[in-house]
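The values are calculated or read from the model by the stated rules, or taken from the named source; none is laboratory data. In this text the structure is predicted, and so the values were computed from the model without any measurement. Quick reminder, even Gly has a Cβ in these numbers, built from the backbone with ideal geometry, and neighbours come from all protein chains shown.
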Amino acid sequence: MSEALVRIRELSKVFHRDGEEVVALERATLDIGEGEFLALMGPSGSGKTTLLNIIAGIDRATSGEVEIAGTRISRMTDRDLTHWRNQHIGFVFQSFNLIPVLTAFENVELPLLLTSLSRQRRREQVETALRLVGLSDRVKHFPRQLSGGQEQRVAIARAIATDPTLLLADEPTGDLDARSAEEVMTLLSRLNREFGKSVVMVTHDPRAAHHAGRVRYLDKGLLLKEGELPAG
């Protein structure tokens with residue numbers, strides 16, 4: 001494997017519900033290589049989305065370390081973490097999370113509005129991202145005018161518009177039909193292979209996971225060993 005872009009050490013996450021502790025993630029240790037496409041699989045409640053959210057800086061671990069591109073994000077303040085996330089993380093959600101009253105162009109431009117880029121430079125990056133996902137002819141369309149697969153491709157364009165260090169996807173095909181799901185996975189594979197994007201994807205779909213270069217499984221908060229499958 002190439003040099004580690006992400007280093008996770010002894011990572012745990014404990015939630016408190018109704019006076020009880022719920023262990024969502026227990027002492028996970030994992031390296032993710034530069035330019036790798038990793039799929040995280042496991043049953044519902046196994047901790048895979050919790051792990052993804054901690055890598056993204058959306059959630060914080062109870063204990064352990066997360067280092068991405070040499071930066072220990074687990075030690076950042078909330079303010080610094082927000083700034084870091086905007087610069088380094090592109091996130092693709094299952095439900096697309098597009099703004100209905102904005103066009104495809106405007107949705108993709110959103111994360112760039114938080115940067116110091118000029119209007120012309122923002123336009124260039126948005127147009128490049130939409131071209132990469134095959135939607136140059138849909139820039140003025142609103143989400144309601146797009147198919148589910150096209151909406152997810154707009155969401156992917158938004159995620160890559162800032163040229164992030166790491167592209168994260170949480171069940172990116174979960175709301176799509178089989179054909180649209182295959183198109184989205186082909187796109188993510190292309191971003192990984194041709195453009196060198198490092199991708200970490202949570203999925204329950206073996207067909208989606210087949211596009212990844214490596215698969216790791218979680219079960220009841222435990223990250224299983226390389227090649228190990230959940231029992232049953």
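Of the residues Ile99, Ile156, Ile160, the single one that is touching a Gly at 6+ places or on another chain (Cβ under 6 Å) and of a type in the set (Val, Ile, Thr) is Ile160.
Is it the case, given these coordinates, that Gly33 is surrounded by 20 or more Cβ atoms within 10 Å (Cβ to Cβ) and either farther than 22 Å from Asp205 by Cβ or more than 15 Å from the chain's Cα centre (by Cα) (or both)? When the stated conditions are applied, Gly33 does not pass them. Only residues that are outside any loop (DSSP other than H, G, I, E, B), under 19 Å from the mean Cα position of the chain (by Cα) and under 11 Å from Pro143 (Cα atoms) were counted in the stretch 82-110, giving 1. Cβ-Cβ contacts under 7 Å between residues 6 or more apart (or on different chains), taken from a first residue in the stretch 178-191 that is free of Cβ contacts under 8 Å to residues at least 40 places away in the same chain to a second residue that is part of a helix (DSSP H, G or I), are listed as Ser180/Gly148; Ser180/Gly149; Ala181/Ala208; Glu183/Gly149; Val184/Gly149; Val184/Gln152; Val184/Arg153; Met185/Ala208. Out of the residues in the stretch 60-73 that are among the hydroxyl-bearing types (Ser, Thr, Tyr) and not in a loop (DSSP other than H, G, I, E, B), state the one that is modelled with the highest pLDDT. That would be Ser63.
Just a yes or no: is a residue in the stretch 219-228 farther than 25 Å from Ser46 by Cα and either surrounded by 15 or more Cβ atoms within 10 Å (Cβ to Cβ) or among the small types (Gly, Ala, Ser) (or both)? Within the stretch 219-228, none of the residues are farther than 25 Å from Ser46 by Cα and either surrounded by 15 or more Cβ atoms within 10 Å (Cβ to Cβ) or among the small types (Gly, Ala, Ser) (or both).
Of the residues making up the stretch 1-59, just one is in a helix (DSSP H, G or I) and of a type in the set (Gly, Ala, Ser), namely Ala56. When the stretch 44-57 is limited to residues that are of a type in the set (A, V, I, L, M, F, W, C) and farther than 21 Å from Glu21 by Cβ, the one that is surrounded by the most Cβ atoms within 10 Å (Cβ to Cβ) turns out to be Ile55. A search for C-beta distances below 6 Å between a residue of the stretch 107-118 that is at negative phi and any residue that is exposed (fewer than 14 other Cβ atoms within 10 Å of the Cβ), counting only pairs 6+ apart in sequence or on different chains, returns Asn107/Ile99.
Can you tell me which condition Ala161 does not meet? The list is (1) of a type outside the set (Asp, Glu); (2) touching a strand residue (DSSP E or B) at 6+ places or on another chain (Cβ under 7 Å); (3) surrounded by 14 or more Cβ atoms within 10 Å (Cβ to Cβ), and all the others hold. Just one mismatch for Ala161, condition (2). Annotation: of all residues in the stretch 74-131 being β-branched (Val, Ile, Thr) and either closer than 21 Å to Val200 by Cα or crowded, with 17+ Cβ neighbours inside 10 Å (or both), the one that is modelled with the lowest pLDDT is Thr82. Once the stretch 164-180 is narrowed to residues that are more than 12 Å from the chain's Cα centre (by Cα) and not aliphatic (A, V, I, L, M), the residue that is surrounded by the fewest Cβ atoms within 10 Å (Cβ to Cβ) is Arg179. For Gly70, state whether it is within 30 Å of Val126 (Cβ to Cβ), small (Gly, Ala, Ser), without any contact (Cβ under 8 Å) to a residue 24 or more places away in the chain and out of contact with any Lys or Arg (no Cβ under 7 Å at 6 or more places or on another chain). The answer is yes for Gly70.
Put simply, of Ala161, Ala104 the only residue that is in contact with a Leu (Cβ under 8 Å, 6 or more places away or on another chain) and closer than 21 Å to Gly35 by Cβ is Ala161. Residues in the stretch 151-192 that are polar (S, T, N, Q), more than 22 Å from Leu102 (Cβ to Cβ) and touching a helix residue (DSSP H, G or I) at 6+ places or on another chain (Cβ under 6 Å): Thr165, Thr173.
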